[in-house]
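Chemist: Take this structure first; my questions come after.
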Amino acid sequence: MLTSFNPLRHRQALANPLRVTEHSAWLGHIPFGMALVEMIRPRILVELGTLRGDSYCAFCQSIKATNADTQSFAVDTWRGDIHIGAFSDKLLLELRAHHDPLYGSFSTLIQADFDAAVGRFDDGSIDLLHIDGCHTYEAVKHDYETWLPRLSSRAIVLFHDTAARGTDFGVWKFWGEISPDHPHFEFQHAQGLGVLAVGPEAPRPILDFLSTASAEPDPIRLYFSVLGHRIEMFSTAGILINATVRAHQIIEQWHNKRNERLGPLPHPVQETSKFADRIVAEVTALANRAK
């Protein structure tokens with residue numbers, strides 16, 4: 001039975017994220033990320049490694065929804081790395097188009113490498129740090145140690161991909177070394193997310209969460225993984241809609257060209273076109289139910 005931590009008190013976990021992109025490994029953790037902001041109401045939040053911005057925009061959405069007095073910063077080169085490949089400026093421009101009108105009053109996208117950006121922050125100033133850059137052991141250890149002096153006495157650090165064991169992935173190894181020294185909890189879904197209370201004066205709500213989650217991990221993991229799976233299903237439905245609409249467009253183009261050359265389509269092809277219309281409608285309805 002859950003005692004000190006009641007997840008229903010943190011309703012941001014139930015919010016629908018405004019930004020959900022394809023192929024994001026962080027979608028499953030959005031409910032916890034939004035609830036975490038509600039729990040600790042950080043004064044300064046920094047994310048190292050933002051890319052398409054699903055996690056960062058979820059943090060920002062929760063900041064705005066809860067009227068938290070937070071200054072938020074995303075640090076990334078938006079050029080990619082050894083694990084995700086290379087990217088062009090188009091990715092950052094697309095993110096800015098979503099981010100700036102909604103969150104520009106309190107949030108800044110910093111296009112720089114992590115070592116260059118650390119000098120912009122005072123020692124002891126950051127309440128929430130999300131480390132999600134290059135995932136080699138050496139890189140994640142370097143990022144943590146480089147930014148450690150900037151963490152406040154209230155600081156919480158998130159490590160993504162603690163459950164990923166692919167080639168060169170070493171977050172799991174560093175997490176195993178650092179987590180026993182602090183109150184902590186690890187989610188195992190969506191490639192894993194480590195939650196570490198580094199600051200000796202971490203806010204009581206997050207300490208209650210960590211205490212309850214450590215004592216009874218299964219219901220906590222189930223609750224947040226189910227909420228995360230709902231968002232992943234919504235993303236999948238969006239991918240299906242886009243693919244189905246594109247297939248329908250191809251059918252329509254072929255339909256029109258053939259009509260120009262040979263007259264009306266035979267009955268079977270007309271039925272195929274009608275079937276595509278029904279698929280688009282049904283998948284759209286599925287996506288709406290997932291919201």
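Chemist: Looking at (1) of a type outside the set (Val, Ile, Thr); (2) buried (at least 21 other Cβ atoms within 10 Å of the Cβ); (3) under 17 Å from residue 32 (Cα atoms), which is the one condition that is false for residue 114?
Modeler: (3)
Chemist: Considering only region 145-173, state which residues are without any contact (Cβ under 8 Å) to a residue 60 or more places away in the chain, under 24 Å from residue 199 (Cβ atoms) and open to solvent by less than 10 Å² (accessible area, probe 1.4 Å).
Modeler: If the condition is that a residue be without any contact (Cβ under 8 Å) to a residue 60 or more places away in the chain, under 24 Å from residue 199 (Cβ atoms) and open to solvent by less than 10 Å² (accessible area, probe 1.4 Å), then 155, 157, 159, 162, 171 are the ones that fit.
Chemist: Quick one: count up the residues across region 22-43 that are out of contact with any His (no Cβ under 7 Å at 6 or more places or on another chain), in contact (Cβ under 8 Å) with a residue 40 or more places away in the chain and of a type in the set (A, V, I, L, M, F, W, C). Don't jump to the end; show me each part of the working.
Modeler: We begin by selecting, within region 22-43, every residue out of contact with any His (no Cβ under 7 Å at 6 or more places or on another chain); these are 22-25, 27, 29-34, 36-37, 40-43.
Filter again for in contact (Cβ under 8 Å) with a residue 40 or more places away in the chain, leaving 22, 24-25, 27, 29-33, 36-37, 40-43.
Narrowing further to those that are of a type in the set (A, V, I, L, M, F, W, C): 25, 27, 30, 32, 36-37, 40.
Total meeting the criteria: 7.
Chemist: Right, something else. Note down all Cβ pairs under 6 Å where the first residue falls in region 107-128 and is over 25 Å from residue 64 (Cα atoms), the second is acidic (Asp, Glu), and they're at least six residues apart or on different chains.
Modeler: Close Cβ pairs (under 6 Å, with a partner that is acidic (Asp, Glu)) amount to 114/143.
Chemist: Got a sec? Which of 76, 69 is of a type in the set (Asp, Glu) and buried (at least 21 other Cβ atoms within 10 Å of the Cβ)? Explain how you work it out, then say what you get.
Modeler: Details: 69 fails: buried (at least 21 other Cβ atoms within 10 Å of the Cβ).
So the residue among 76, 69 that is of a type in the set (Asp, Glu) and buried (at least 21 other Cβ atoms within 10 Å of the Cβ) is 76.
Listed here are the residues, each with its yes/no results for (1) within 30 Å of residue 137 (Cβ to Cβ); (2) among the small types (Gly, Ala, Ser); (3) at pLDDT 95 or above.
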residue: 16; (1), (2), (3): no, no, no
residue: 24; (1), (2), (3): yes, yes, no
residue: 69; (1), (2), (3): no, no, yes
residue: 88; (1), (2), (3): yes, yes, no
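Chemist: Can you tell me which residue within region 25-46, out of those that are open to solvent by 30 Å² or more (accessible area, probe 1.4 Å) and not in a helix (DSSP H, G or I), is farthest from residue 199 (Cα to Cα)?
Modeler: Residues of region 25-46 that are open to solvent by 30 Å² or more (accessible area, probe 1.4 Å), as a first pass: 25, 38, 41, 43-44.
Imposing the further condition that a residue be not in a helix (DSSP H, G or I) reduces the set to 25, 41, 43-44.
Working: 25: 27, 41: 14, 43: 14, 44: 14 Å.
The selected residue is 25.
Chemist: Next question. Tell me, which strands (runs of 3 or more DSSP E) lie completely within region 105-213 with 1 or more residues that are closer than 17 Å to residue 44 by Cα and not hydroxyl-bearing (Ser, Thr, Tyr)?
Modeler: Values: elements: 107-111, 126-131, 151-160, 184-187, 193-197.
In region 105-213, 107-111, 126-131, 151-160, 193-197 are the strands (runs of 3 or more DSSP E) which contain 1 or more residues that are closer than 17 Å to residue 44 by Cα and not hydroxyl-bearing (Ser, Thr, Tyr).
Chemist: Can you pull out the residues in region 220-231 that are open to solvent by less than 60 Å² (accessible area, probe 1.4 Å) and either modelled with pLDDT under 95 or closer than 13 Å to residue 17 by Cα (or both)? Spell out the reasoning first.
Modeler: Of all residues in region 220-231, those open to solvent by less than 60 Å² (accessible area, probe 1.4 Å) come to 220-221, 223-225, 227-228, 231.
Listed by number, the residues that qualify are 227, 228, 231.
The values are calculated or read from the model by the stated rules, or taken from the named source; none is laboratory data. Every value quoted in this text rests on a predicted model; they were computed, and no experiment measured them. Quick reminder, even Gly has a Cβ in these numbers, built from the backbone with ideal geometry, and neighbours come from all protein chains shown. We work out accessible area using only protein heavy atoms, side chains counted, and drop any ligands, DNA or RNA first. Shrake-Rupley method; radii C 1.70, N 1.55, O 1.52, S 1.80 Å.
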